[in-house]
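Colleague: Structure incoming, see below.
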Amino acid sequence: MLPINLTIVALLSFAIPFIATLILTPLLIKTLTKRGGLVQDYHKANKPLVPKPGGPAIIISLLLGEAVVYLATGSTGVLALLLVTGIAGAIGLIDDIYTLSGALKPALLILGSLPILLLDAYSFHPEFPLFGAVRLSIIYPLILLIAIPVTSNTVNTIDVLNGVVSGFIIIISIPLMFAMLLKGETTIALATLPIIASSLAFYVFHRFPSKIFPGDSGSLTLGALYGGLAIVGGVEVVGIVALLPAILNSFFFLSSVRRFVEHRKIKQRPTKLLEGDRLAASRNGSAPVTLVRMLLADGPLTEQQVAREIFKLAAFSSLLAVITAILTWGVPL
Amino acid sequence: MGCTALSLRTFPLLVLITATWLLIFVGSYVIFKIIVPLPEIYPGFLGQILTEIIKVALSGVMTFLWLYAMWKLRNFYVHRRLLSRSEDE
């Protein structure tokens, strides 16, 4: 049972980002629509125009939520997470405005790893299931530098269909929080609530048919904070396992295009749109391999059906992540 | 019927995720419990350096094998399920 003050912090760190996203997103939809910040939704026959980016609503709400946890706990780890969110959000916004190259984006996101490194908000003893902690005093800081670019880009690559990235983050953040509670990292577990709250509120507008897209500012920020939470909370392996569908998606994509490239520059599309707004896999051997293309291998599906299949995969990897947490820190009593 | 077809569609990817999960366990166990504790080949500074180089090389080989296994699984899946069918299917 949480002490009363922690219970209040938990409630506030969930409620504030949730309400902030619910208020800011419709405002953003109005503003972007008025100013022409619209993009086509390519997975629908009539190609409706959808406001983009919704990232600023996500970034502000996450900063508010993490600020609540920081003010209540004074934790250096949470301060690092606040900075990670701010830096990744700023890079995402620059990317939304100027479209950074496929190589520059991950390079800039290394800046997002620095707060964790400089504030010493990590342990170089990652814990593994069955055989426990290992000491990685030299190599861990190097891995940490690329961790935030990797998680943010990995989550960014799953932002392909209506509602997928926000729904995916909600599902995979739950085992992360479970693992932290199992490990006794209550403060960082509290810092996980804003990402769940903000994604949940954004999902209301992002689900099929999307009223707004998060853009790179939204998806990169969510991915960077997710990675930061896994590192600062010391639940790296659990974080990796829950993220496996998105990791496989990145692996499929990179191993088929064989370079870091902005997805807009890929000529061969992995999927095509059929009548009735159904999606089909491209049978072209040179088209990039993606998770969506693989899900469509057995025949066409609607966008909603594909999203549901991705959520099933996320739920399955989250279950494996929970098993990993139990194998690492024991069975909760 | 439709629901079963959808479940079957996800099944190979669930297998791929499970295989990746198990490979993470096996790979990390081999690296941290077998390679890292390897004793020095011979005593002295040079022996220590050589042992560390061998450990890094073996860990690198393990990582390569992990990626290779993932690559083979991906190719198996892509060729069996994606490219073996015609556009009309």
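Values in this text are rule-based calculations from the coordinates and carry no lab data. Every value quoted in this text rests on a predicted model; they were computed, and no experiment measured them. Cβ: placed from backbone, ideal geometry, glycine included. Neighbour counts: every protein chain shown.
Colleague: How high is the relative contact order of chain A? Use alpha-carbon pairs under 8 Å, at least six apart in sequence, and give a whole percent.
Modeller: 24
Colleague: Could you work out the Kirkwood radius for the stretch A:166-218, taking every pair of different alpha carbons, averaging 1/r and inverting it, reported in Å?
Modeller: 11.9
Colleague: For the cross-link pairs A:Lys52/B:Lys72; A:Lys105/A:Lys183; A:Lys312/B:Lys33; A:Lys211/B:Lys72; A:Lys47/A:Lys312; B:Lys33/B:Lys72, which exceed 31 Å when the distance is taken from alpha carbon to alpha carbon?
Modeller: A:Lys52/B:Lys72; A:Lys105/A:Lys183; A:Lys312/B:Lys33; A:Lys211/B:Lys72
Colleague: So, one more: Cα axis of helix B:2-29 to longest principal axis of chain B: angle in degrees, 0 to 90, nearest 10?
Modeller: 0
Colleague: Then there is this: Cα centroid distance between the stretch B:55-77 and the stretch A:273-333, in Å?
Modeller: Computed from Cα coordinates, the inter-centre distance equals 23 Å.
Colleague: Over the stretch A:272-317, what is the relative contact order in whole percent, taking alpha-carbon pairs under 8 Å and six or more residues apart?
Modeller: With pairs under 8 Å counted, the relative contact order is 35 percent.
Colleague: Continuing with the same structure: Could you compute the net charge surrounding A:Met180? Neighbours are other residues with a C-beta less than 13 Å from the C-beta of A:Met180; K and R count +1, D and E count -1.
Modeller: Counting the neighbours of A:Met180, the net charge comes to -2.
Colleague: Two-decimal Rg/Rh of chain A from alpha-carbon positions, Kirkwood Rh?
Modeller: Here the Rg-to-Rh quotient is 0.96.
Colleague: Let me ask another. Over the whole of A:131-138, what's the average partner chain Cβ count within 10 Å per residue? Rounded to a whole number, please.
Modeller: Across the residues of A:131-138, the mean count of other-chain Cβ atoms within 10 Å is 2.
Colleague: For helix A:164-183, what angle does its Cα long axis make with the longest principal axis of chain A, in degrees from 0 to 90 and rounded to 10?
Modeller: For helix A:164-183, the angle is close to 20 degrees.
Colleague: Working from the alpha-carbon coordinates of the stretch B:2-82, get Rg over Rh, Rh being the Kirkwood radius.
Modeller: 1.24
Colleague: Suppose every K and R has +1 on its Cβ and every D and E has -1 on its Cβ; what is the size of the dipole of the stretch A:4-241 about the Cα centre, in Debye to the nearest 20?
Modeller: In debye, rounded to 20, the stretch A:4-241 gives about 700.
Colleague: With n ≥ 4 as the cut-off for DSSP H runs, can you work out [θ] at 222 nm for chain A, using -39500 (n - 2.57) per run divided by the number of residues, rounded to the nearest 500?
Modeller: Computed mean residue ellipticity for chain A: -22500 deg cm²/dmol.
Colleague: Also: If you fit an axis through the alpha-carbon atoms of helix A:244-257 and take the longest principal axis of the Cα set of chain A, what angle between them do you get, 0 to 90°, nearest 10?
Modeller: That works out to roughly 50 degrees.
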